[in-house]
Amino acid sequence: MIEIVLVDDHAVVRSGYRRLLSAEADFEVVGEAASVAEANALLQRCTPQVALVDLNLKGSSGLEAIAGMLARQPALRVLVLSMHDDAGHLAQALKAGAHGYLSKCSEPEEVIIAIRGVMAGRRMLSRDMQALAPLDSEDGVHGLKPREFELLRLLVHGESVQDIASQMHLSPKTVLNYLTLIRQKLNAENDFKLMHLAARSGLVDFGMPLMA
């Protein structure tokens, strides 16, 4: 049996995945989690072969969940299932250790195939993500560390420093220090330039093309 855990903050989504996977004779869902803390606690109770992980979780980022889960169980195969279908999130998920990435627009059959693929040691990407697979370059937003990337994502989606601090369990001063470091890494002198770079990387859509 291939034992699988589901890490998604929506119970109805987890229920749908459970029904889909339970139809496969050699798949067994052995646990569910809605947050990073729950995912870490779950892996203290079981040793699954595969984790299906969303990137939007209660209280923190799925990127942190991936890193934490793999630190506890290095043999775990992590497959991301996310609403984010941009190159930035894909690059960060792979950097965090994910073995595959599917957008939530993927057909159910793709999820089944991807689970079997990561179990066989292959990197699995859904059709709509294959063209976005990162090259070796660490330039721009792709070069940020997962926590820096998540902080930038929250900023460009309109979260205040205080809100970011609360969601990421940091002090406001630490958030400001991270923002300074991010601006230095991206050579962005202000938040407008950060927004521009984030949009070019697919993190936010202003509804119009941006000039290079």
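General observations
- Local electrostatic count at Ser126 - Lys and Arg +1, Asp and Glu -1, tallied over other residues with Cβ under 15 Å: -2
- Karplus 3J(HN,Hα) series, Hz, for region 110-125 with 6.51 cos²θ - 1.76 cosθ + 1.60 (x for Gly, Pro): 5, 5, 4, 4, 5, 4, 5, x, 5, 5, 8, x, 9, 7, 10, 10
- Among the listed pairs Lys104/Lys173; Lys173/Lys193; Lys104/Lys145, those whose Cα-Cα separation exceeds 26 Å are Lys104/Lys173.
- Long-range HN-HN contacts of Ser60 with modeled amide H, under 5 Å: Val36
- For the chain, the extents of the C-alpha atoms along the principal axes are 55, 35, 29 Å, listed from largest to smallest.
- Taking all protein chains into account, the per residue accessible area for the chain stands at 49 Å² (1.4 Å probe).
- Region 1-116: C-alpha gyration tensor shape, a/c 1.5 cut-off, then a/b vs b/c: rounded
- Ala33 long-range amide H proximity, modeled H, under 5 Å: Leu6, Val7, Asp8
- What a 1.4 Å probe finds exposed on the chain is 54% carbon and sulfur by accessible area, rounded to a whole percent.
- ³J(HN,Hα) computed for each position of region 22-32 - Karplus, 6.51 cos²θ - 1.76 cosθ + 1.60, integer Hz, glycine/proline x: 5, 6, 8, 4, 9, 10, 9, 7, 9, x, 9
- Relative to the longest principal axis of the Cα atoms of the chain, the long axis of helix 87-96 makes an angle of roughly 60 degrees.
The values are calculated or read from the model by the stated rules, or taken from the named source; none is laboratory data. Fair warning: this is a prediction, and the values are worked out from it, not measured in the lab. Reconstructed Cβ throughout: ideal geometry from the backbone, glycine too, with neighbour counts over all protein chains shown. Just the protein is used for accessible areas: all its heavy atoms, side chains included, with ligands, DNA and RNA removed. Shrake-Rupley method; radii C 1.70, N 1.55, O 1.52, S 1.80 Å.
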